[in-house]
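Let me begin by presenting the structure, written as structure tokens, before commenting on it.
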Amino acid sequence: MDFAAIGKVNREVYKRHPDMAGTSPKVSQQSGNRFLLLYTKTVEIGAGRKMEQTIRVTADEQGNILRMSASKS
């Protein structure tokens, strides 16, 4: 996956999840031309408590998003 394709995915992730802006993804190749991008950030939820949020994106090599999911822990 090239830099331009990652940038395309980043723009969509940041648009849907503005709190993830500036977070760089961990990129790993899955089968064929599919890639997994993981965005992880620790956010403060109040009263000094923190929570880790992860956005998981499956995209093709052109940066087209095939699937996106969010989780909090």
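In terms of solvent-accessible area of protein heavy atoms at a 1.4 angstrom probe, what is the ranking of 55, 45, 65, 6, highest value first?
So, going from the largest accessible area down, we get 45, 65, 6, 55.
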| For the range 25-32, 3J(HN,Hα) per residue [Karplus equation, 6.51 cos²θ - 1.76 cosθ + 1.60, θ = phi - 60°, Hz, x = Gly/Pro] | x, 8, 10, 9, 8, 9, 6, x
| request: Step through the residues of the range 59-73 one at a time and calculate ³J(HN,Hα) from phi using the Karplus curve (6.51 cos²θ - 1.76 cosθ + 1.60, θ = phi - 60°), rounding each to whole Hz and writing x for Gly and Pro. | output: 9, 8, 5, 8, x, 7, 6, 9, 7, 9, 9, 10, 9, 10, 9
| note | Links exceeding 21 Å between C-alpha atoms in this model, out of 15/50; 15/72; 41/72, come to 15/50
| Of the heavy-atom accessible surface of the chain (probe 1.4 angstrom), what whole percent is carbon and sulfur? | 47 percent
| field | Residues listed by number, the range 55-73, amide nitrogen under 19 Å from residue 47 label point at 7 Å toward C-beta | value | 73
| What angle do you read, to the nearest 10 degrees and between 0 and 90, between the alpha-carbon axis of helix 3-16 and the longest principal axis of the chain? | 40 degrees
| So for 2, 19, 60, what's the accessible-area order with a 1.4 Å probe, most first? | 2, 19, 60
| request: Calculate, axis by axis, the spread of Cα positions in the chain along the three principal axes, and write the results as whole Å, longest axis first. | output: 44, 20, 16
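The values are calculated or read from the model by the stated rules, or taken from the named source; none is laboratory data. If you're wondering where the values come from, they're calculated on a predicted model, not measured in any experiment. Reconstructed Cβ throughout: ideal geometry from the backbone, glycine too, with neighbour counts over all protein chains shown. Remember, those area values only see protein heavy atoms, side chains included, never the ligands or the DNA or RNA. Shrake-Rupley method; radii C 1.70, N 1.55, O 1.52, S 1.80 Å.
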